[in-house]
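Trainee: Below: one structure in structure tokens.
Just so it is clear, none of the values below were taken in a lab; they were calculated from the coordinates. Model, not experiment: these values are computed from the prediction. Backbone-built Cβ (ideal geometry, glycine too); neighbour counts: all protein chains shown.
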Amino acid sequence: MTNPENKQILQPAGWAAPRGYANGVAASGRQVFVAGQIGWNAQCEFESDDLVEQVRQTLANIKAVLAEADAGPEHVARMTWYLLDKREYVARGREIGAVYREVLGREYGIAMTAVQVAGLIEDRAKVEIEVTAIIPN
């Protein structure tokens, strides 16, 4: 895991270590806010209705937006995942983890939240992810 000098992982003493995320992150620098991204391509077309493939495309979209700010996965401090089906998310966790590592690398120093929602604005979307990144000054 890359840990830029501007990021401090917050792990209270005595707490079990989280798997795949951080309980909290303190960071300083230029803030980058990435709007909720979904699993469609640059032409706003879905190539798959499969959750894992939509996660792959969503993460690639996030990475592309971050690059516009000269940022990368190592600068991400917070992610919020909105999912239509928490059971599918949990059942396919290994696949989602593999896709996450493939696209973003082993960036686990990120405060994450995942929630199940009743629906997303785009009917074919199964996941939407928003990100806050902090780039060192």
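Trainee: Which Cα, out of Met79, Phe33, Leu120, lies furthest along the positive dipole direction of segment 30-135 (beta carbon charges, K/R +1, D/E -1)?
Mentor: Result: Met79, furthest along the dipole toward the positive end.
Trainee: Would you kindly compute the Cα radius of gyration of the chain and its largest Cα-Cα separation (Dmax), both in Å?
Mentor: So, for the chain, Rg and Dmax equal 14.7, 48 Å respectively.
Trainee: Give me a comma-separated list of calculated 3J(HN,Hα) values for segment 108-121, in order, Karplus coefficients 6.51, -1.76, 1.60 applied at θ = phi - 60°, integers in Hz, x for any Gly or Pro.
Mentor: 10, x, 10, 6, 10, 9, 10, 9, 8, 10, 6, x, 10, 4
Trainee: I've got another one for you. Arrange the peptides 88-94, 73-79 so that the one whose residues have, on average, the most other Cβ atoms within 10 Å appears first.
Mentor: 73-79, 88-94
Trainee: In degrees between 0 and 90, to the nearest 10, how far off the longest principal axis of the chain does helix 93-104 point, with axes built from Cα atoms?
Mentor: Value to nearest ten degrees: 70.
Trainee: On to the next question. In percent, how large is the relative contact order of the chain, given Cα pairs closer than 8 Å and 6 or more residues apart? Before the final figure, lay out each step's value.
Mentor: On the way: 264 pairs, mean separation 55.3, N = 137.
Answer for the chain is 40 percent.
Trainee: Over all distinct alpha-carbon pairs, what is the Kirkwood Rh of segment 52-119 in angstrom?
Mentor: Value: 12.6 Å, from the Cα pair sum.
Trainee: Which whole-Hz couplings ³J(HN,Hα) result when phi for each residue of segment 39-49 is put into the Karplus expression 6.51 cos²θ - 1.76 cosθ + 1.60, θ = phi - 60°, listed in order with x for Gly and Pro?
Mentor: In residue order, the calculated couplings are x, 10, 7, 5, 9, 6, 10, 7, 9, 7, 9 Hz.
Trainee: Using a/c under 1.5 as the rounded threshold, could you call segment 19-58 rounded, prolate or oblate? The axes a ≥ b ≥ c are square roots of the C-alpha gyration tensor eigenvalues, and prolate needs a/b larger than b/c, oblate otherwise.
Mentor: oblate
Trainee: By DSSP, what percent of the beta bridges with both residues in segment 30-135 are antiparallel, rounded to the nearest 5?
Mentor: 70 percent
Trainee: Short version: ³J(HN,Hα) in whole Hz for each residue of segment 14-26, in order, from phi by Karplus 6.51 cos²θ - 1.76 cosθ + 1.60 (θ = phi - 60°), x for Gly and Pro, what are they?
Mentor: Computed from phi, the couplings for segment 14-26 are x, 7, 5, 5, x, 9, x, 7, 10, 5, x, 9, 10 Hz.
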